[in-house]
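Below you'll find the structure, written out as structure tokens, and then a few comments.
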Amino acid sequence: MKNIKIYEPAMCCDTGVCGPGVDQELLRMKSVNKVLEQHDDITIHRYNLTNSPESFMENELVTKLLQEEGPNVLPITLVDNLVMKKGDYPDNEEWEKITGIAFTTEKEKKDVNTGGKCC
């Protein structure tokens with residue numbers, strides 16, 4: 001079973017997907033999270049500094065990275081307690097390599113199938 005933990009910077013809510021100006025990357029991460037939660041062989045947890053500061057302190061690796069590199073190291077993605085990415089979220093291709101699950105968006109599929117041209 002893959003155990004994925006994402007340690008995120010301080011946000012206004014659990015996912016950061018709220019308010020008038022939604023960050024598209026956080027919206028994508030919410031979708032990725034939803035897909036991963038449907039797989040029995042994967043556990044995923046997202047922690048943000050505002051709502052779960054204790055989770056940051058409990059993980060020695062995350063604490064060390066924050067002390068050495070500062071807050072710009074966030075987000076940190078751990079897979080089975082190994083750093084897979086820091087300073088940014090994994091892109092769809094990286095998620096596919098990590099999990100074996102395709103995360104191609106409909107637009108990306110259309111671009112591949114039509115060479116980026118419509119109809």
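The values are calculated or read from the model by the stated rules, or taken from the named source; none is laboratory data. The shown structure was predicted, so the numbers you read here are calculated from the model rather than taken from an experiment. Reconstructed Cβ throughout: ideal geometry from the backbone, glycine too, with neighbour counts over all protein chains shown. What goes into the accessible areas is simple: the full protein's heavy atoms, side chains included, and nothing from ligands, DNA or RNA. Shrake-Rupley method; radii C 1.70, N 1.55, O 1.52, S 1.80 Å.
Quick check on region 74-88: of everything there that is assigned to a loop (DSSP other than H, G, I, E, B), in contact with a strand residue (DSSP E or B) (Cβ under 7 Å, 6 or more places away or on another chain) and not aliphatic (A, V, I, L, M), which residue is least open to solvent (accessible area, probe 1.4 Å)? Break it down stepwise before answering.
Narrowing region 74-88 to residues assigned to a loop (DSSP other than H, G, I, E, B): 74-75, 80-81, 87-88.
Add one more test, that the residue is in contact with a strand residue (DSSP E or B) (Cβ under 7 Å, 6 or more places away or on another chain), and what stays is 74-75, 80.
Within this subset, residues satisfying the condition of being not aliphatic (A, V, I, L, M) are 75, 80.
Working: Pro75: 9, Asp80: 73 Å².
Among residues in region 74-88 that are assigned to a loop (DSSP other than H, G, I, E, B), in contact with a strand residue (DSSP E or B) (Cβ under 7 Å, 6 or more places away or on another chain) and not aliphatic (A, V, I, L, M), the one least open to solvent (accessible area, probe 1.4 Å) is Pro75.
Say whether the condition of being closer than 21 Å to Met1 by Cα, surrounded by 15 or more Cβ atoms within 10 Å (Cβ to Cβ) and modelled with pLDDT under 95 is met by at least one residue in region 49-69.
no
Consider Ile101 carefully, then state whether it is of a type outside the set (Ser, Thr, Tyr) and modelled with pLDDT of 95 or more. Spell out how you get there, then give the answer.
Working: of a type outside the set (Ser, Thr, Tyr): yes; modelled with pLDDT of 95 or more: no.
It is false that Ile101 is of a type outside the set (Ser, Thr, Tyr) and modelled with pLDDT of 95 or more.
If you check every pair at least six apart or on different chains, which have Cβ atoms under 7 Å apart with a residue in region 35-59 that is farther than 18 Å from Met84 by Cα and free of Cβ contacts under 8 Å to residues at least 40 places away in the same chain first and a residue that is part of a helix (DSSP H, G or I) and not hydrophobic (A, V, I, L, M, F, W, C) second?
Sorted first by the residue in region 35-59, then by its partner, the pairs are Met57/Thr63.
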